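The values are calculated or read from the model by the stated rules, or taken from the named source; none is laboratory data. In this text the structure is predicted, and so the values were computed from the model without any measurement. As a convention, Cβ positions derive from the backbone with ideal geometry for all residues, glycine included, and neighbour counts pool all protein chains shown. Just the protein is used for accessible areas: all its heavy atoms, side chains included, with ligands, DNA and RNA removed. Shrake-Rupley method; radii C 1.70, N 1.55, O 1.52, S 1.80 Å.
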Amino acid sequence: SMLITFILLGKYLESSAKKKTSDMVTKLLQLVPSETILLNLNEDGTSYSEKVISATLIHKGDILKVLPGARIAADGVLLDSEMAYVDESMLSGESMPVKKYGNDAITGGTLNAGAVFLMRADRIGSE
């Protein structure tokens, strides 16, 4: 009878942990914004045009502009000449923004806590 009680308790704790994990993953996915700013290189090759697109239309290699206070729409890297402060508290619990430099990894769903910056999307959607 004690053995059965321990087995049932174990199964209950396991299902409870699975549900909590599932709920947290769902909440993380809701943090990704629905829109972002895509930059396209103009024909002259020296300037960009901006276009607001759905985050579901982002492709690997796209250059994105992230405004102050905006959520980052995809995982990627900060462009070479850029510097950014990113609030990664949703990942690490650290309340202070993290300083990022060119070619540093940026995680989708985190918050731009500084100035405007440009990034290249490396992983999108379900990747």
Cα pair count fraction exceeding 18 Å, expressed as % - region 23-95: 48
Using packing as a proxy for protection, rank 53-65, 8-20 so that the peptide with the highest average count of other Cβ atoms within 10 Å comes first. 53-65, 8-20
Charge tally for neighbours of Tyr85 with beta carbon under 15 Å away, counting Lys, Arg as +1 and Asp, Glu as -1, is -2
Step by step: find N for region 71-127, compute 2.2 N^0.38 Å, then divide the Cα radius of gyration by it. What's the final number? 1.03
Counting only protein heavy atoms, what percent of the accessible surface of the chain is carbon or sulfur at a 1.4 Å probe? 58
Accessible area per residue in Å² at 1.4 Å probe, computed on the chain: 66
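Work out the FRET efficiency for Ser16 and Val52 from their Cβ-Cβ distance, taking R0 = 30 Å, and round it to the nearest 0.05. Could the numbers behind the result be given before it?
Working: r = 42 Å, r/R0 = 1.38.
For Ser16 and Val52, the calculated efficiency is 0.10.
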Measure nothing fancy, just the Cα-based angle from helix 2-30's long axis to the longest principal axis of the chain, in degrees from 0 to 90, nearest 10. 20
Mind ranking 105-116, 80-91 by how tightly packed they are, going by the mean number of other C-beta atoms within 10 angstrom, highest first? 105-116, 80-91
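Within 12 Å, Cβ to Cβ, of Thr26, how many net charges do the neighbouring residues add up to if Lys/Arg are +1 and Asp/Glu are -1?
+2
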In the calculated pair distance distribution of the chain, what percentage of Cα-Cα distances lie above 22 Å? 45
Per the helix-only model, the chain has a calculated mean residue ellipticity at 222 nm (DSSP H runs of ≥4, -39500 (n - 2.57) each, divided over all residues, rounded to the nearest 500) of -8500 deg cm²/dmol
